[in-house]
1. For a quick check of your reading of the model, give me the residue pairs whose first member lies in the stretch 124-143 and is in a helix (DSSP H, G or I), whose second is not hydroxyl-bearing (Ser, Thr, Tyr), with beta-carbon atoms closer than 7 Å and at least 6 apart or on different chains.
2. Answer with yes or no whether GLU76 is more than 18 Å from the chain's Cα centre (by Cα) and either at pLDDT 85 or above or over 30 Å from CYS116 (Cα atoms) (or both).
3. Among the residues of the stretch 127-167, count how many are touching a strand residue (DSSP E or B) at 6+ places or on another chain (Cβ under 6 Å), modelled with pLDDT of 80 or more, under 20 Å from PHE112 (Cβ atoms) and open to solvent by 50 Å² or more (accessible area, probe 1.4 Å).
4. What helices (runs of 4 or more DSSP H) lie completely within the stretch 1-95 and have 3 or more residues being farther than 18 Å from GLY155 by Cα?
5. Hey, can you tell me all the residues within the stretch 48-62 that are at pLDDT 90 or above and open to solvent by less than 70 Å² (accessible area, probe 1.4 Å)?
6. Among the residues of the stretch 92-126 satisfying the criterion of being open to solvent by 90 Å² or more (accessible area, probe 1.4 Å) and aromatic (Phe, Trp, Tyr), which is farthest from ALA58 (Cα to Cα)?
Amino acid sequence: SILANNLMIHIYKAGEVIFNEGQEAGSMYIVKKGEVNCLKNNKVVRVLTRGDNFGQKAILLESKRSLDVVAKTDCELTSISVEFFRTQIGDNYKRVLYESFIDMIFKQSKYFNFVCTKLVNKIAYLFEVKDFAKNEVIFKKGSPITGKICLVLEGNIYDKRINQIKASRNSILFEQELYEGKEGAI
């Protein structure tokens, strides 16, 4: 209830800039109504709709905004500031955010949506956050696919061998193979 009472509401007209790449991050956002375009070099890389969130990466990594974000349609957003997280949750607000995002990814999973929040909170510290550059190799050919659970917080994981996206934002890499316990390598 404290969180709900402290959400800021923002109304944007189609075409209005929400924030630009390179700006300091002070808030994360949730789309309440409408659609939002995320752009890189003036090219749409993702369209967000009701319930989608954005802006958390810059907060969690203490970096600047990595994309331009513009209202695609008239939209209503809610936001919550870093300052609110610090004052209400304390210095461990990042851990709480990470746990929340990890829990959300498991809840959205086709195969692992049964994992309860209590378990996620207990294992969240086991996850290591890594930031990869575009086209950087994450797994080399021959790497086992069953040794780790990899969650994608931002971006897409692309398999060059088959010319296909293997996992995208807010998903688990190789989730079907992990669920089925398949042994093998990339």
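1. From residues that are in a helix (DSSP H, G or I), the pairs are ALA124/GLU99; ALA124/ILE102.
2. yes
3. So the answer is 3.
4. Those helices (runs of 4 or more DSSP H) span 2-5, 82-89.
5. LEU48, THR49
6. PHE114
Here's the yes/no breakdown for (1) within 21 Å of VAL82 (Cα to Cα); (2) among the aromatic types (Phe, Trp, Tyr); (3) touching a Lys or Arg at 6+ places or on another chain (Cβ under 8 Å); (4) surrounded by 12 or more Cβ atoms within 10 Å (Cβ to Cβ):
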| position | (1), (2), (3), (4) |
| --- | --- |
| GLY15 | no, no, no, no |
| ALA25 | yes, no, yes, yes |
| TYR29 | yes, yes, no, yes |
| LYS33 | no, no, yes, yes |
| ASN37 | no, no, yes, yes |
| LYS40 | no, no, no, yes |
| LYS43 | no, no, no, no |
| ARG46 | no, no, yes, yes |
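The values are calculated or read from the model by the stated rules, or taken from the named source; none is laboratory data. Every value quoted in this text rests on a predicted model; they were computed, and no experiment measured them. All Cβ positions, glycine included, derive from the backbone under ideal geometry; neighbour counts span all protein chains shown. Areas reflect the complete protein model, heavy atoms only, side chains present, ligands, DNA and RNA absent. Shrake-Rupley method; radii C 1.70, N 1.55, O 1.52, S 1.80 Å.
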